[in-house]
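J.: Input: one structure, supplied below.
The values are calculated or read from the model by the stated rules, or taken from the named source; none is laboratory data. This is a predicted model, so every value here is computed, not measured. Counting neighbours? That spans all protein chains shown, and the Cβs are built from the backbone with ideal geometry, glycine included.
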């Protein structure tokens with residue numbers, strides 16, 4: 001029960017899997033500039049993330065950002081592993097990708113993603129996008145909204 | 001075999017509370033959903049047993065009085081959206097009357113504690129309601145717009161798109177496909 005709506009939680013646990021070091025760094029800088037209190041863990045690819053998530057007794061992230069194109073295990077495979085694992089299924093999943101193909105986007109939502117973000121190419125837009133995603137995720141995390149219907153595209 | 005169920009979360013919550021309090025032998029009264037009174041002093045053990053018992057159902061005791069008021073604002077918003085008469089009133093008047101605080105106070109407190117405003121939260125709640133109706137009923141968008149007190153379908157669609165980044169039709173298509181694949185993110 002790591003992710004039941006919890007009004008007393010003050011810090012949002014966030015994980016990011018992205019194989020590009022610069023992108024990970026920019027993401028960290030952006031999330032640190034946002035007012036909301038967060039704790040970010042980063043992973044170099046999908047396999048590293050999944051190895052971490054399936055460790056015993058860890059505090060699961062509230063929200064996971066997945067890059068789609070990663071070596072070893074890509075974002076789509078991670079997404080399906082997460083949605084097929086009852087212990088992980090309560091996490092919100094955001095796909096974070098440069099692809100803007102409508103087909104890709106629909107496919108990630110159908111496979112259980114909650115959020116789709118087109119990677120912006122400018123830092124202030126990135127910060128703004130992450131902020132919006134964190135805000136909406138916070139509402140789902142702390143209010144009585146139906147999570148089955150949590151879809152958000154930015 | 002696929003079975004559809006209908007449920008009332010208010011009813012479920014009351015039933016769970018009754019069951020758990022009776023099991024621990026703690027006398028209580030439910031005032032309104034989100035607030036109840038315990039008729040005796042709880043020992044530290046009783047209190048932690050109660051917290052553990054309720055946690056299984058995702059129910060929490062809110063210690064911080066400000067957070068408790070934020071929660072009451074959210075419940076009042078839900079009541080307001082379900083009440084046909086309340087729709088005629090201004091949000092600010094409705095909430096101030098119901099909760100006995102000035103709207104300015106409520107509005108500032110809400111924004112400080114939730115990373116959103118009361119107005120935005122109401123939009124989110126209405127869109128959430130629209131999503132339920134889109135996925136669980138055969139109502140048309142026009143009927144849904146009317147039922148949720150939107151001035152037009154265009155207004156509903158616009159707010160839906162702005163809040164979710166998706167059109168109501170795209171949303172519906174994704175949920176349909178998920179049902180076919182039996183994918184249910186929690």
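J.: For the stretch B:1-26: of the residues being at pLDDT below 85 and not in a helix (DSSP H, G or I), which is nearest to residue B:182 (Cα to Cα)?
T.: The qualifying residue nearest to residue B:182 (Cα to Cα) is B:2.
J.: Follow-up question, since we're still on this one. Collect the residues in the stretch B:27-69 that are assigned to a loop (DSSP other than H, G, I, E, B) and within 14 Å of another protein chain (Cβ to nearest Cβ), keeping them in residue-number order.
T.: Listed by number, the residues that qualify are B:33, B:34, B:56, B:57, B:58, B:59, B:60, B:61, B:62, B:63, B:64.
To keep it simple, each residue is scored yes or no on (1) within 14 Å of chain B (Cβ to nearest Cβ); (2) surrounded by fewer than 18 Cβ atoms within 10 Å (Cβ to Cβ); (3) at pLDDT below 95.
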{"site": "A:20", "(1), (2), (3)": "no, yes, yes"}
{"site": "A:36", "(1), (2), (3)": "yes, yes, yes"}
{"site": "A:52", "(1), (2), (3)": "no, yes, no"}
{"site": "A:89", "(1), (2), (3)": "yes, yes, yes"}
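J.: What helices (runs of 4 or more DSSP H), lying completely within the stretch B:70-186, carry at least 3 residues that are more than 11 Å from chain A (Cβ to nearest Cβ)?
T.: Those helices (runs of 4 or more DSSP H) span B:91-99, B:103-114, B:118-136, B:141-147, B:153-164.
J.: Do you know which residues across the stretch B:39-71 are touching a strand residue (DSSP E or B) at 6+ places or on another chain (Cβ under 7 Å) and surrounded by 14 or more Cβ atoms within 10 Å (Cβ to Cβ)?
T.: none
J.: Just checking, how many residues over the stretch A:98-132 are in a helix (DSSP H, G or I) and without any contact (Cβ under 8 Å) to a residue 40 or more places away in the chain?
T.: Final tally of qualifying residues: 11.
J.: Continuing with the same structure: Scanning the stretch A:119-138 for residues that are surrounded by fewer than 20 Cβ atoms within 10 Å (Cβ to Cβ) and closer than 19 Å to residue B:160 by Cβ, which turns out nearest to the other protein chains (Cβ to nearest Cβ)?
T.: Checked the stretch A:119-138; the qualifying residue nearest to the other protein chains (Cβ to nearest Cβ) is A:135.
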